[in-house]
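Engineer: Sharing a structure here in structure tokens format.
The values are calculated or read from the model by the stated rules, or taken from the named source; none is laboratory data. Everything numeric here is computed off the predicted structure, so don't read it as measured data. Here the Cβ positions follow ideal geometry from the backbone for every residue, glycine too, while neighbour counts run over all protein chains shown.
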Amino acid sequence: MNKKIMGCSIGNCVHVAGVANFFRLADTRGFDTILLGAAVSPDRLANEVFTQKPDILCVGYRLTPENGQKILLRLIRLLQNYTLPIKKIFGGTPKTVALAKQLDFFDYFFIGEESIDRLESVFSWLKGGDFPAVNSLATKRRPAVQLALDSLPMINNQGMQMPLLRHHFGLPRMQDTIDGVTRIAESEALDIISLAPDQNAQEFFFRPEEQNSSLNGAGGFPVRNKSELLELNLARKYGNYPYLKIYSGTQDLLSWAQLSCETIDNAWGTIPLCWYSELDGRSKRPLETAITENIDVIKWYASVGKPVEINEAHHWSLRDAPDVIAIVMAYIAAYIAKKSGVKQYIAQYMFNNPSFTSMPHDIAKMAVKTMLVQSLEDDSFRTYRQLRAGLAHFSIDLDVAKGQIGAATSMMMAFNPHILHVVGFTEGDHAANAEEVIESCKITRGVIKNISYGLPNIFADKNIKNKAISLFKQSQILLNAIRLFGYKIGSEDPLSDPKVISESIKKGILDAPHLRGQPCALGSIKTLPWDGGCVATDQNGNAISEQQRLAAPMRQLGIDPRELLDFDPLFGKFSLPQLTIS
């Protein structure tokens, strides 16, 4: 038999929306609800309790706290002889809740900002499960992240899901980081804490003799041993018991992968493809060697059944590469993941990157990335959308940056993400402390709440469609160039061949302006903002197509540029994904 919930706003309070919204959710979870309405007197409410004998009583009051306390005292006296078991919930403003707690009558309290996870734990308790603990050691750990991603709760009837929230966190002092992880866990503001070690740890954790102590704490927390990682794992076992993951390291990536899974149960592996090498200077690994090693780490994560994210495409856009190169590298990264045996692939899509990108162009660019990545899906390869705002997008003015979080989140929610990688409003100024991480996530949740009421279909916009079709066609030309070059040098599978990828960078098939001066890259490409995006240009600043850009290097390699237009049948048809309802 279904549990019966009775509720109202009490006394002189007419604000019944909170109780009504809670009942709307309860109706979908198998409860029988009785809403008595607004401004119900304590006497009438007590009489209804004695008459209808509910299993659960919900009372709301959002006016002057002192007046509310008097009204609640009256209700308590009227119910003092009621002996049947009943769970009692109170909802109100934080100040009203604080006074209601002093009465030692209600079992649980709401202020209206609770997460979906918290609501689900309350409904579970109301059905007879464990009491939802707050700010204490969590009684139950989360399931594997891939299971959570496959069962995200729906937040409207259009198929929109509540994404998991992720945020980077790492402070220059180890103890501050440990304490901050606990504070974030207790807040239940996010689902995934992405731990950020300092550069000394990322490059030299397994080579301590090479560390420069004057750089301790630069870029993250100075973890130096296994026991400190175990402390971080213990620190997150509060509140909603968030997932932990950690940077891959820029050297000894396989050792880092094994250590992170052993100590913090790394939620998934995040590995670069071309980066953390001589290409960006974050390690001294030769480019082809780095790509080979990175693929080996991807294969290791696949062998232990962990999801994998490949940090690749956005690095090109951060260096002002044409949007087409970023799109192609998103596809190649996913292709390599699938070839490496990965079953669950987390595809990261960084918006506002480069920072001058317009909203319509960003949507078109990410739609094409998504379509290409998802074209690889089959029964053994599932992809998940992880969206984030651009690192260079945020103002140094923190108030302006808070608005930018809202704008970016609104746009990204149109893609119905599985994970929202929150970039904190402090990004342009300093690394976020625990309270700033929590605040950024609260801003994001507020936007999601409003977006859950519904969004227009932005993919129906003709301008966005036309941009996407153009980007799609250009991406096919570049993919063909890499394939043709690979076949020319004897590769059987060019898109997954470290030699082909590294040589494509050296010869400028894959290039970015910021790579000039790097010995393993050409760095001769010129790009400019154009029509909201980033395009390759000729020496006079005129936008050029991929066929024009690649004509000279193709001829040098003995390849007829006209072959670039001979598309692989796999990419012969274009259609925008139905992301708002999938």
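Engineer: At pLDDT 95 or above, part of a helix (DSSP H, G or I), under 22 Å from Ala364 (Cα atoms) and touching a Ser or Thr at 6+ places or on another chain (Cβ under 8 Å): does that describe Thr409?
Structural biologist: In short, yes.
Engineer: Still on this structure, I have one more. Only one residue in Pro322, Pro286 is over 20 Å from Pro197 (Cβ atoms), surrounded by fewer than 20 Cβ atoms within 10 Å (Cβ to Cβ) and not small (Gly, Ala, Ser). Which one?
Structural biologist: Pro286
Engineer: Related question: Scan the range 365-394 for residues that are closer than 23 Å to Leu495 by Cβ, buried (at least 21 other Cβ atoms within 10 Å of the Cβ) and among the aliphatic types (A, V, I, L, M) and report the count.
Structural biologist: 5
Engineer: Within the range 191-217, how many residues are assigned to a helix (DSSP H, G or I), among the acidic types (Asp, Glu) and either touching a Leu at 6+ places or on another chain (Cβ under 9 Å) or surrounded by 18 or more Cβ atoms within 10 Å (Cβ to Cβ) (or both)?
Structural biologist: 1
Engineer: Mind counting the residues in the range 47-69 that are without any contact (Cβ under 8 Å) to a residue 40 or more places away in the chain and within 45 Å of the chain's Cα centre (by Cα)?
Structural biologist: The total comes to 4.
Engineer: Might you check whether a residue that is closer than 28 Å to Ile363 by Cα, surrounded by fewer than 22 Cβ atoms within 10 Å (Cβ to Cβ) and of a type outside the set (S, T, N, Q) occurs anywhere in the range 249-256?
Structural biologist: Looking through the range 249-256, none of the residues is closer than 28 Å to Ile363 by Cα, surrounded by fewer than 22 Cβ atoms within 10 Å (Cβ to Cβ) and of a type outside the set (S, T, N, Q).
Engineer: Sticking with this one: Return the total of residues in the range 488-505 being in contact with a Leu (Cβ under 9 Å, 6 or more places away or on another chain) and either of a type in the set (Val, Ile, Thr) or surrounded by fewer than 17 Cβ atoms within 10 Å (Cβ to Cβ) (or both).
Structural biologist: 4
Engineer: When the residues of the range 211-247 are narrowed to those that are among the small types (Gly, Ala, Ser) and within 23 Å of Ala144 (Cβ to Cβ), which ends up farthest from the chain's Cα centre (by Cα)?
Structural biologist: Ala235
Engineer: Next question, about the same structure. Just one of the numbered conditions (1) surrounded by 15 or more Cβ atoms within 10 Å (Cβ to Cβ); (2) in contact with a helix residue (DSSP H, G or I) (Cβ under 8 Å, 6 or more places away or on another chain); (3) at pLDDT below 95; (4) in a loop (DSSP other than H, G, I, E, B) is not true of Leu152; which one?
Structural biologist: Unmet condition: (2).
Engineer: (1) in contact with a His (Cβ under 9 Å, 6 or more places away or on another chain); (2) under 30 Å from Ile469 (Cβ atoms): which one isn't true of Ala313, the others all being true?
Structural biologist: (1)
Engineer: Sticking with this structure for a sec: What are the residues in the range 20-46 that are touching a residue at least 12 places away in the same chain (Cβ under 8 Å), assigned to a loop (DSSP other than H, G, I, E, B) and under 28 Å from Met154 (Cα atoms), if any?
Structural biologist: Listed by number, the residues that qualify are Arg29, Gly30, Phe31.
Engineer: Could you say which residue among Ile327, Ile298, Ile346, Ile332 is modelled with pLDDT of 95 or more, farther than 24 Å from His514 by Cα and outside any strand (DSSP E or B)?
Structural biologist: Ile298
Engineer: Here is a further query. How many of the residues in the range 155-170 are surrounded by fewer than 22 Cβ atoms within 10 Å (Cβ to Cβ) and either among the hydroxyl-bearing types (Ser, Thr, Tyr) or farther than 16 Å from Arg445 by Cβ (or both)?
Structural biologist: Final tally of qualifying residues: 4.
Residue by residue, here is whether (1) modelled with pLDDT under 95; (2) acidic (Asp, Glu); (3) under 19 Å from Asn12 (Cβ atoms) holds:
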{"residue": "Leu79", "(1), (2), (3)": "no, no, no"}
{"residue": "Lys95", "(1), (2), (3)": "yes, no, yes"}
{"residue": "Phe110", "(1), (2), (3)": "yes, no, no"}
{"residue": "Ile116", "(1), (2), (3)": "yes, no, no"}
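Engineer: Just one of (1) under 22 Å from Met359 (Cβ atoms); (2) out of contact with any helix residue (DSSP H, G or I) (no Cβ under 7 Å at 6 or more places or on another chain); (3) buried (at least 19 other Cβ atoms within 10 Å of the Cβ) trips up Glu439, so point out which.
Structural biologist: Checking Glu439 against (1) under 22 Å from Met359 (Cβ atoms); (2) out of contact with any helix residue (DSSP H, G or I) (no Cβ under 7 Å at 6 or more places or on another chain); (3) buried (at least 19 other Cβ atoms within 10 Å of the Cβ), the one that fails is (1).
Engineer: Okay, next question. Which ones in the range 298-311 are surrounded by 24 or more Cβ atoms within 10 Å (Cβ to Cβ) and within 16 Å of Met350 (Cβ to Cβ)?
Structural biologist: Result: Glu309, Ile310.
Engineer: For the range 1-19, enumerate the residues that are among the polar types (S, T, N, Q) and assigned to a strand (DSSP E or B).
Structural biologist: Ser9
Engineer: While we're on this one: Might you check whether a residue that is in a helix (DSSP H, G or I) and under 19 Å from Asp104 (Cβ atoms) occurs anywhere in the range 51-65?
Structural biologist: Yes: the range 51-65 contains one or more residues that are in a helix (DSSP H, G or I) and under 19 Å from Asp104 (Cβ atoms).
Engineer: While we're looking at this one, here's another question. Quick one: how many residues across the range 421-465 are in contact (Cβ under 8 Å) with a residue 60 or more places away in the chain, over 16 Å from the mean Cα position of the chain (by Cα) and in a helix (DSSP H, G or I)?
Structural biologist: 8
Engineer: List every residue pair whose Cβ atoms sit under 7 Å apart, with the two residues 6 or more apart in sequence or on different chains, where the first one lies in the range 123-143 and is closer than 18 Å to Phe22 by Cα and of a type in the set (Val, Ile, Thr) and the second, anywhere, is loosely packed, with under 14 Cβ neighbours inside 10 Å and modelled with pLDDT of 60 or more.
Structural biologist: none
Engineer: Now for a different question. Tell me which residues, restricted to the range 70-113, are within 30 Å of Leu165 (Cβ to Cβ), without any contact (Cβ under 8 Å) to a residue 24 or more places away in the chain and out of contact with any Lys or Arg (no Cβ under 9 Å at 6 or more places or on another chain).
Structural biologist: Scanning the range 70-113 gives Pro94, Val97, Lys101, Ile111.
Engineer: Being under 23 Å from Val145 (Cα atoms), touching a helix residue (DSSP H, G or I) at 6+ places or on another chain (Cβ under 8 Å), in contact (Cβ under 8 Å) with a residue 40 or more places away in the chain and surrounded by 24 or more Cβ atoms within 10 Å (Cβ to Cβ) narrows it down to one residue among Ala334, Ala347; which is it?
Structural biologist: From the options Ala334, Ala347, the qualifying one is Ala334.
Engineer: Please pick out the residue among Ser340, Ser358, Ser317 that is small (Gly, Ala, Ser), closer than 30 Å to Asn457 by Cβ, surrounded by 19 or more Cβ atoms within 10 Å (Cβ to Cβ) and at pLDDT 95 or above.
Structural biologist: Answer to the check: Ser317.
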